[in-house]
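Notes to accompany the following structure.
Throughout, read-outs are computed from the coordinates displayed, never taken from laboratory work. This one's a predicted model, so the numbers in the text were calculated from it and none came from an experiment. All Cβ positions, even for glycine, are placed from backbone atoms using ideal geometry, and neighbour counts span all protein chains on display.
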Amino acid sequence: MSLSLLFPLGLLALAALVVPLLIHLARRHHYAPLDFAALRWLRARAQPRQRIRFDEWPLLLVRLLLLTALALLLAHPLLHGAATPTAPWVVVTPGLTPPSVDEGSEGRWLAPGFPSLEQPAPTGPQPLASLLRELDQAMPAGAALTVYVPDPMPGLDGERARLSRRVEWRSVRHPLPAPAAAAVAPQLRVAGAATDAQTQRALEALQRAWSQQPLPASLAGDEVPATGQVGVWLGDAALPASWQTWVQNGGSVLVTSTAAAPGTGVAVLRDATGAVAVSRHRLGSGQVLRFSKALSPATLPILREPDFPRQLLEQLQPIPAPRVASAATQQPLIGATSPAAQPQDLSIWLLPLVVLLFALERWMATSARRGRPA
């Protein structure tokens, strides 16, 4: 075991130890000399040097201990290597009926902060996979873990949880809430009329592949698409100010000219030969997807690929990672780094000691016996 200080400058308070020393030196009892008649016949001798002597040394010792404890409390000492409790943990997903927990075990909800099972169950969806990883690092190393999860299991992310310990995995059949409505395929809104028949046919084919609906009427003047729609800007000039504001607020627009695509783009779609077909340019919270060539199968071969409409739609509306799966397939893997041993905070012991020493110092300083002649 080793000791460290979270705030070493707190030890500067030890300089205050000189205060009670000075007080006790200043308050020593002085004895007045008394002459006796017979002493006049004695030869005068040199007076011995007066030694430093402290009166009431038990009180002085208590005061010194009190100041030392206060200085250590300010320095915030930590004890490393002390034995930590390894009581088993039973963790339950909110929404399930908690089981009976054996005496000596920790019962917690699988929710942010891991509240006790004695508290009301947290509400709302929980990121279970992420919480399992956090719990593994928050628990003491070597503590056994039992987890109750619903089947099917929600709250997943892109990777199966990997922990530093083996888990007793308990799945409980539990119905899922009604699924959210599927995302609606966007509508293409073209600024002005298409410049040629090839471009018009390409946009019409994209719209029908997404929604089985015809291409809506073109926008007039400076009109911008509505929220959720995808703009199409076919001009050679830069986007007008109204369109730029709309994109910065989260809109998406398809363009064919470099003037309408700000900054350096990132290739997101390539054709069979590896050539860049579509690049993404960020503008505020929105995006500008620029086609590298005119919308014609002759100049942009990727338009002939059957999977192109789906690929373009995924760039406009990214498919979220699956968040629900069978609980049996989500039992955590082993192999994560073990949690670092947490140091023990000694301040919780120093604070009662300071209070006790202060009470003892006050009792000794105000005692009726103090100040009685010896």
**Study point:** Estimated inter-spin distance, S257 and A26, nm [label 7 Å along Cα→Cβ]
**Key:** 8.8 nm
Practice item. Apply 1/(1 + (r/R0)^6) to the Cβ-Cβ distance of D236 and E159, taking R0 = 51 Å, and write down the FRET efficiency to the nearest 0.05. Key: 0.70
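For a quick check: sort F7, F291, F308, F358 by the number of other beta carbons within 10 angstrom, fewest at the front. Walk me through the intermediate numbers first.
Values: F7 11, F291 24, F308 21, F358 15.
With the fewest neighbours first, F7, F291, F308, F358 line up as F7, F358, F308, F291.
Applying 1/(1 + (r/R0)^6) with R0 = 30 Å to the Cβ-Cβ distance of T329 and E118, what FRET efficiency is obtained, to the nearest 0.05?
Working: r = 32 Å, r/R0 = 1.06.
Efficiency for this residue pair is about 0.40.
Local charge sum around R323 (other residues, Cβ-Cβ under 14 Å, Lys/Arg +1, Asp/Glu -1)? Display every interim value, and only then the final one.
Details: positive: R160; negative: D157, E159.
With Lys, Arg at +1 and Asp, Glu at -1, the neighbours total -1.
For W349 and R208, compute 0.36 nm times the residue count separating them, minus their Cα-Cα distance, and round to one decimal in nm. Provide the component values of the computation, followed by the final result.
On the way: separation 141, 0.36 × 141 = 50.76 nm, distance 7.26 nm.
Working it through step by step, the gained length comes to 43.5 nm.
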Practice item. Enter the mean projected area of the convex hull around the alpha-carbon atoms of the range 117-261, in nm², rounded to one decimal. Key: 14.6 nm²
Check your understanding: Arranged by the count of other C-beta atoms within 10 angstrom, fewest first, what order do L79, L234, L357 take?
Key -> L79, L357, L234
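Taking only the alpha-carbon atoms of the range 188-316, what semi-axes of the equivalent ellipsoid follow from 5 times the gyration tensor eigenvalues under a square root, in whole Å, largest first?
Calculated on Cα positions only, the semi-axes equal 21, 17, 14 Å.
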Practice item. Please arrange L176, L295 by counting, for each residue, the other beta carbons lying within 10 Å of its beta carbon, fewest first. Key: L176, L295
Study note, to complete from the structure: the range 261-312 -> Rg/Rh from Cα coords, Kirkwood Rh, value 0.98
Check your understanding: How much length is gained on full extension from S130 to K293, taking 0.36 nm per residue of separation minus their Cα-Cα distance?
Key -> 54.4 nm
